[in-house]
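In what follows, a single structure is set out as structure tokens and then discussed.
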Amino acid sequence: MTAGPARTANADLRDRFEAAFMPNYGVPPLALARGEGAYLWDADGARYLDLFAGIAVSSLGHGHPALVEAVSRQAATLAHSSNLLVNEPEVLLAERLLGLLRTPGRVFLANSGTEANECAAKLAIKYGRTTGRRYFVAAENGFHGRTLGALALTGKASIRDQFGPFPLDVRFIPYGDADALKQAVTHECAAVFLEPTQGEAGVVPPPPGYMTAAREICDTTGALLVLDEIQSAIGRTGHWFAHQHDGVVPDVLTLAKGLGGGMPIGACVGFGDAGVIFAKGDHGSTFGGNPVSCAAALAVLDTIDHDGLLAHARAAGERLSSGIQALGHPLVSGVRGRGLWLAMVLSAERAADVQAAAQRAGFLVNAVQPDAVRLAPALVITFEQIDSFLAALPAILAEVTP
Ligand SMILES: *Cc1c(COP(=O)(O)O)cnc(C)c1O
């Protein structure tokens, strides 16, 4: 028997993943073993600087002591209660979120982003039924999730159309065009679903004034303004919530990703009257309000607060963004986004190659679009870690440039 090259643990896990899982994800390029702060190690022991934090989820990085302590303590104390009984962490979390939002409202806790949006959609359906409003408006290229309600609102034909028709009548408008929004929203529109910056579309911010215009259009027509902050909130932009930066208060807000710091949790917040649309029995979730996920979210919020991570996200994001732009590399046409939620925009559709070259150099980035590389690291990433990426970037880009 001739000795071939040793099988790597990465290759072994990827092969077994491919054999055991549905093919919906393709086969991811790496198997992760562990993490610490902004670093990750793969199954073969190689270290990477994690610059996308599991899609803007691991807000405190990996293995943060505050999160580990909160989750361990809560798992040992009470891991589940169901919605038939109240637990203290869920109450503390709802109160804490409402305090940060500084607007009276009510919270529903779910387990993911798509479920938070499903809750928002059901609120809007019920609101529409009682006020004679029959349709929804959402943005082209917007992403709201994969369940049938959230998918109906998702403006990407390639992932939506084959699963229709949907139970919602959704009209799509180009993102960022306030006139198109005004045309589309009438007194028969139940709700407008928007992201404050489109995440999956490639971290695409709207033009200045768009969110204010959306608020005015909804005020005039009585449609609910639902802001999907599943990716943009919990410090990602250097503010607790992106809408606070825009100076616009939605009627309904959805949260998930960064809230649990890696533990699954989603939240839908209704403000004012929108907080009391549901009556008893209208909605529910067995795991929603799970005390372990709520304890994790409380640890995330406390740590962001105590460690000044909002200010750090602004400063670190500025350093990353201006450092990339200062390279003046011909493959980079610009940087979009704010805080630690950025897209390095390429002058050619080479994002997948940049992601692969970065991985070979020990940096994990995300080719969110063919011409856009998403950077959404943990809010705890240090200036030194950012500088190490900036120092490596010219060689990464040189590998890709034809
Ligand atoms: C990720 C995301 C979702 C879906 O969240 P899941 O937790 O994957 O269900 C919805 N909306 C936005 C804006 C997202 O970024």
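The values are calculated or read from the model by the stated rules, or taken from the named source; none is laboratory data. As the structure is a prediction and not an experimental result, all values here were calculated from the model. As a convention, Cβ positions derive from the backbone with ideal geometry for all residues, glycine included, and neighbour counts pool all protein chains shown. Heads up: the accessible areas ignore ligands, DNA and RNA and are worked out on the full protein's heavy atoms, side chains in. Shrake-Rupley method; radii C 1.70, N 1.55, O 1.52, S 1.80 Å.
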Candidates L32, L60, L40, L51, filtered to the one that is surrounded by 12 or more Cβ atoms within 10 Å (Cβ to Cβ), touching a His at 6+ places or on another chain (Cβ under 8 Å), closer than 29 Å to A357 by Cα and hydrophobic (A, V, I, L, M, F, W, C): L40
Tally of residues being in a loop (DSSP other than H, G, I, E, B) and within 11 Å of the ligand (Cβ to nearest atom) across the stretch 228-270: 9
Pair list, Cβ under 9 Å, 6 or more apart: the stretch 113-132 residue touching a residue at least 12 places away in the same chain (Cβ under 8 Å) and within 12 Å of the ligand (Cβ to nearest atom), other residue assigned to a helix (DSSP H, G or I) and among the polar types (S, T, N, Q): none
Criterion: more than 29 Å from T130 (Cβ to Cβ), within 15 Å of the ligand (Cβ to nearest atom) and either free of Cβ contacts under 8 Å to residues at least 24 places away in the same chain or not hydrophobic (A, V, I, L, M, F, W, C) (or both) - qualifying residue of G202, G209: G202
Number of the condition not met by G176 [criteria: (1) open to solvent by 40 Å² or more (accessible area, probe 1.4 Å); (2) away from the ligand (no atom under 12 Å from the Cβ)]: (1)
Count of residues meeting criterion [free of Cβ contacts under 8 Å to residues at least 60 places away in the same chain, more than 15 Å from Y175 (Cα to Cα) and open to solvent by 20 Å² or more (accessible area, probe 1.4 Å)] in the stretch 212-241: 3
